[in-house]
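Visitor: Below you will find the structure I want to go over with you.
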Amino acid sequence: RGKRAFIAGVADDNGYGWAIAKSLAAAGAEILVGTWVPALNIFETSLRRGKFDESRKLPNGSLMQITKVYPLDAVYDRPEDVPEDIKKNKRYAGSSKWTVQEVAESVKQDFGSIDILVHSLANGPEVSKPLLETSRNGYLAAISASSYSFVSLLKHFVPIMNPGGASISLTYIASERIIPGYGGGMSSAKAALESDTQVLAFEAGRKYKIRVNTISAGPLGSRAAKAIGFIDKMIEYSFANAPIQKELSADEVGNAAAFLVSPLSSAITGAVVYVDNGLNAMGVGI
Ligand code: NAI
């Protein structure tokens, strides 16, 4: 039987989540996605109207099939955690069962189990502010959306993951080196995500035989990255300074993710794997 993947954090065809979905589909996996509730309508409409057909093309010429799109807001674990203003918000009112617990329950009801869990989402409302100017709420919101969201997803999905399965998330080198401009507590959130990757690798490995890794990806001009404002500079910097001088494509991250959730990497867990043209290995810019 082919593997089944749930990919959280796909809302257009530009980001790493989409590219990972494609690489997994090309390798024969069935694709389920979790899309942020406020972005759901436009994503589903664009999908239906064929706006993504060109980028749905797989290497064998067929189009990637997304079996089901689930609305998801990964900052809420259970219905009782959702505040009134969000419940009443008209971008949320049209969808239901989008807390992490409910999405895991729906996937269980619809499909019984999954093999692969992908976390490709992040959000930091104050990302453009230096850490020194970040509010407590902004910092905690970054950690909630970008770090705890992975803990919560794994916690709720791991009971329906088949033994031998794997999960992967996306991190950024700002966790361990100074990257001015990646503010609002996002650098802190990525540090937490990387540390949690190790602890969760132990816990999910021992209890469920599930592997947990994270990819430290180089810069990509995704929707989220454009919102930060410095992505063009980072892409230029990487091109100028990395050992491999080319622009990083989302597909390269997708392919590495496909390897890291496949049996080819059956002994790799708790790892941060750099997919960044080698930029992380440089000590100075040249
Ligand atoms: P993206 O915009 O394609 O993906 C981010 C997704 O997160 C969006 O689909 C957004 O709707 C979703 N999202 C935000 N808050 C959410 C929530 N509360 N619940 C559910 N979904 C939510 O952008 P990108 O850049 O591909 O981001 C994917 C991952 O890659 C993120 O973890 C990001 O930090 C990481 N990354 C990105 C790099 C870049 O240069 N673009 C570099 C290194 C890591």
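Visitor: So how many residues does segment 70-81 have that are assigned to a loop (DSSP other than H, G, I, E, B) and over 22 Å from the mean Cα position of the chain (by Cα)? Working first, answer last.
Guide: Let us first name the residues in segment 70-81 that are assigned to a loop (DSSP other than H, G, I, E, B), namely 73-78.
Pick out the ones that are also over 22 Å from the mean Cα position of the chain (by Cα) and you get none.
Residues in segment 70-81 being assigned to a loop (DSSP other than H, G, I, E, B) and over 22 Å from the mean Cα position of the chain (by Cα): 0 in total.
Visitor: Would you mention how many residues in segment 170-191 are part of a helix (DSSP H, G or I) and within 12 Å of the ligand (Cβ to nearest atom)?
Guide: The first filter runs over segment 170-191 and keeps only residues part of a helix (DSSP H, G or I), leaving 173-175, 186-191.
Then drop every residue that is not within 12 Å of the ligand (Cβ to nearest atom), which leaves 173-175, 186-187, 189-190.
Residues that pass the stated criteria total 7.
Visitor: Could I ask something else about it? Does ALA281 count as under 21 Å from ALA201 (Cβ atoms) and either of a type outside the set (A, V, I, L, M) or without any contact (Cβ under 8 Å) to a residue 40 or more places away in the chain (or both)?
Guide: Values: under 21 Å from ALA201 (Cβ atoms): no; either of a type outside the set (A, V, I, L, M) or without any contact (Cβ under 8 Å) to a residue 40 or more places away in the chain (or both): yes.
For ALA281, the condition - under 21 Å from ALA201 (Cβ atoms) and either of a type outside the set (A, V, I, L, M) or without any contact (Cβ under 8 Å) to a residue 40 or more places away in the chain (or both) - is not met.
Visitor: OK, next. Name the residues in segment 177-219 that are closer than 16 Å to VAL273 by Cβ, among the hydrophobic types (A, V, I, L, M, F, W, C) and within 15 Å of the chain's Cα centre (by Cα), would you?
Guide: Once the filter is applied, which keeps residues that are closer than 16 Å to VAL273 by Cβ, among the hydrophobic types (A, V, I, L, M, F, W, C) and within 15 Å of the chain's Cα centre (by Cα), segment 177-219 yields LEU193, VAL212, ILE215, ALA217.
Visitor: Give me the residue from segment 210-238 that is of a type in the set (D, E, K, R) and farther than 14 Å from SER128 by Cα and, out of that set, farthest from the ligand (Cβ to nearest atom).
Guide: ARG211
Visitor: Further, regarding this structure: Can you tell me which residues in segment 215-271 are of a type in the set (D, E, K, R) and either in contact (Cβ under 8 Å) with a residue 60 or more places away in the chain or in a helix (DSSP H, G or I) (or both)?
Guide: Those that are of a type in the set (D, E, K, R) and either in contact (Cβ under 8 Å) with a residue 60 or more places away in the chain or in a helix (DSSP H, G or I) (or both): ARG223, LYS226, ASP232, LYS233, GLU236, ASP251, GLU252.
Visitor: Criterion first (over 18 Å from ALA74 (Cα atoms), of a type in the set (A, V, I, L, M) and either modelled with pLDDT under 95 or touching a Lys or Arg at 6+ places or on another chain (Cβ under 7 Å) (or both)) does ALA191 satisfy it?
Guide: no
Visitor: Checking THR67 against (1) surrounded by fewer than 19 Cβ atoms within 10 Å (Cβ to Cβ); (2) outside any loop (DSSP other than H, G, I, E, B); (3) within 15 Å of the ligand (Cβ to nearest atom), only one condition comes out false. Which one?
Guide: (3)
The values are calculated or read from the model by the stated rules, or taken from the named source; none is laboratory data. In this text, all values refer to a predicted model and were calculated from it rather than measured experimentally. With ideal geometry, Cβ positions are generated from the backbone for all residues, glycine too; neighbour counts draw on all protein chains shown.
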